[in-house]
């Protein structure tokens, strides 16, 4: 595997077969994103997305952009909310920069999971529950196809009441 792939420059698929590879490349891709990060996940696997390098990268991107640069689609928000997932807490603090929606019931038959950065990089798991993935830091065609799918799912998704924090 290439030592330090660069988002938007390093082309070529990387085959990932371990959790730490997916975690590390996900954090690296998020860290290099300058415009947008989209995440489609069943339940925000904490081993991948509740890790300081990934969270720091999301926070940096969110604070650097005035629009909504980070969007996350989930099947299940109850588990990460109950377990104190730090990404949920970050989204609650930066509501105008990080948005989380619940996948519409009819779309919950999908088995895949993916991360897209700046419309050119992606990490794709065909089966969300496995730790086998394909990543590419410069594949605008495939990243664009996944982004189109994400936007369609996003538009049908709903705001999840569990994401709201009550201040008393």
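The values are calculated or read from the model by the stated rules, or taken from the named source; none is laboratory data. Keep in mind it's a predicted model, so treat the numbers as computed, not measured. Positions of Cβ are generated from backbone atoms using ideal geometry, with glycine treated the same way; all protein chains shown enter the neighbour counts.
For region 150-168, a residue qualifies if it is modelled with pLDDT under 95, out of contact with any strand residue (DSSP E or B) (no Cβ under 8 Å at 6 or more places or on another chain) and assigned to a helix (DSSP H, G or I), and the qualifying residues are 161, 162. Residues in region 26-84 that are modelled with pLDDT under 95, part of a helix (DSSP H, G or I) and farther than 17 Å from residue 128 by Cβ were compared, and the one that is nearest to the chain's Cα centre (by Cα) is 81. Taking (1) closer than 27 Å to residue 106 by Cα; (2) surrounded by 16 or more Cβ atoms within 10 Å (Cβ to Cβ); (3) in contact with a strand residue (DSSP E or B) (Cβ under 7 Å, 6 or more places away or on another chain); (4) free of Cβ contacts under 8 Å to residues at least 40 places away in the same chain in turn, residue 40 satisfies each apart from (4). Exactly one residue out of 52, 97 is over 18 Å from residue 13 (Cα atoms), out of contact with any strand residue (DSSP E or B) (no Cβ under 7 Å at 6 or more places or on another chain) and either surrounded by fewer than 17 Cβ atoms within 10 Å (Cβ to Cβ) or touching a residue at least 24 places away in the same chain (Cβ under 8 Å) (or both): that is 52.
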